[in-house]
Amino acid sequence: MPPPPPGSLTPDQLCFFDTNGYLVLEQFAGAEEVQAMRDRMGQLVAVFDGASTTVFSGDQKQVMDDYFFKSAENISFFYEEKAFGDDGCLKQPKELSIHKVGHALHQLDPVFKKFSFSESISSLFSSLGYRRPAVIQSMYIFKQPHIGGEAVPHQDSTFINTEPPSLTGLWLALEEATINNGCLWVIPGSHKNGLVRRMIRDENGTHFDRPSASYDHKEFVPLEVKSGTLVMLHGDIIHKSFANLSPTSRHALILHLVDTEGCKWSEENWLQRKTAPEPLYYVS
Ligand SMILES: O=C(O)CCC(=O)C(=O)O
């Protein structure tokens, strides 16, 4: 038998992922690949006109919703909630104020596209049995020192839904993530309990169809990982991260993929594209 392509998952890894809803793959990305993405993001931030997302006029909610919805197909910048002082001005340079950049880095930026469409990512999805996997959104998360906001417990399928469900998240550490600087926490096996709630987009913006559930912190396990580690997350796994109160940032790249063959994209998802997403190459 020919050897499995690089990045293929072993039967043990597939079993762990099926049982627990997550899988940690150390050294998934090399140091040069990680540095290239960090450098590229540094360039994107440097040329970003920091004022453009804060100067809103007219209906503030409408303008913010439009900015969010349009980010599905461009490279948009979102600030940390705690980035601003009472005077409405940034308390620190934009480089230390941005919460995330998204949601089409994988499509529009050559450096992020190279990683997103790499053979090793394709191999993961071949292993998982996807027929026509496509990255549907990408986010660069900064988790800035001192002000990096928390991610409250949630399931990614709340925000991205297909019928049947097919969402898998890939969370790549671009810096070491520790309990101190706000690493991921997951509830192992929680994906087996199904989807708790959905975020619905309609003519008024977005809303949740149910209130959020509460979870006992004792159920979560921390995923402290080195730079270059990839964490695979089932769309239904409950996960969270705490605010980063430490002096150390915690950069990460998140890709979300769905199967575009045999799975129907929900028209109620916040993310709606004018063009079909490009499927991964190499998938056998
Ligand atoms: O990077 C993090 O801290 C969590 C982000 C996350 O869970 C998400 O965007 O779905």
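The values are calculated or read from the model by the stated rules, or taken from the named source; none is laboratory data. Keep in mind it's a predicted model, so treat the numbers as computed, not measured. FYI the Cβ positions are ideal-geometry reconstructions off the backbone, even for glycines, and counts take in every protein chain you see.
Remarks
- When residues in the stretch 58-90 are screened for being within 21 Å of Ser249 (Cβ to Cβ) and either among the aliphatic types (A, V, I, L, M) or touching a residue at least 40 places away in the same chain (Cβ under 8 Å) (or both), 6 of them pass.
- The listed residue being in a loop (DSSP other than H, G, I, E, B), of a type in the set (Val, Ile, Thr), away from the ligand (no atom under 16 Å from the Cβ) and over 23 Å from Cys15 (Cα atoms), out of Thr275, Thr248: Thr275
- Here Ser157 meets the list (1) assigned to a helix (DSSP H, G or I); (2) closer than 19 Å to Ile238 by Cα; (3) over 16 Å from the mean Cα position of the chain (by Cα) almost entirely, failing just condition (3).
- Any chance Pro188 is more than 13 Å from the ligand (Cβ to nearest atom), in contact with a Phe, Trp or Tyr (Cβ under 9 Å, 6 or more places away or on another chain) and at pLDDT 95 or above: yes
- Residue in the stretch 231-250 that is touching a helix residue (DSSP H, G or I) at 6+ places or on another chain (Cβ under 6 Å) and more than 28 Å from His207 (Cα to Cα) present: no
- Those residues of the stretch 162-180 which are more than 10 Å from the ligand (Cβ to nearest atom) and within 12 Å of Lys143 (Cβ to Cβ), in sequence order: Leu174, Glu175, Glu176, Thr178, Asn180
- Some residue of the stretch 263-275 being at pLDDT below 95, out of contact with any Gly (no Cβ under 6 Å at 6 or more places or on another chain) and not basic (Lys, Arg): yes
Residue-by-condition table, conditions (1) away from the ligand (no atom under 16 Å from the Cβ); (2) among the hydroxyl-bearing types (Ser, Thr, Tyr); (3) farther than 18 Å from Phe28 by Cα:
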site: Leu108; (1), (2), (3): yes, no, yes
site: Ile121; (1), (2), (3): yes, no, no
site: Leu124; (1), (2), (3): yes, no, no
site: Gly129; (1), (2), (3): yes, no, yes
site: Tyr140; (1), (2), (3): no, yes, no
site: Pro145; (1), (2), (3): no, no, yes
site: Ile160; (1), (2), (3): no, no, yes
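- Some residue of the stretch 100-115 being in contact with a helix residue (DSSP H, G or I) (Cβ under 9 Å, 6 or more places away or on another chain) and more than 21 Å from Ser71 (Cα to Cα): no
- Selection from the stretch 251-264 of residues that are within 12 Å of the ligand (Cβ to nearest atom) and touching an Asp or Glu at 6+ places or on another chain (Cβ under 7 Å): His251, His256
- Note on the stretch 114-154: residues that are among the charged types (D, E, K, R) and either under 15 Å from the mean Cα position of the chain (by Cα) or under 29 Å from Pro211 (Cα atoms) (or both) amount to 2.
- Residue match in the stretch 200-207 (condition: in contact (Cβ under 8 Å) with a residue 40 or more places away in the chain, hydrophobic (A, V, I, L, M, F, W, C) and within 14 Å of the ligand (Cβ to nearest atom)): no
- Filtered residue count, the stretch 106-129, keeping only those that are assigned to a helix (DSSP H, G or I) and surrounded by 17 or more Cβ atoms within 10 Å (Cβ to Cβ): 15
- Selected residue (criterion: farthest from the ligand (Cβ to nearest atom)) from residues of the stretch 226-240 that are over 14 Å from Ser166 (Cβ atoms) and under 13 Å from the mean Cα position of the chain (by Cα): Leu230
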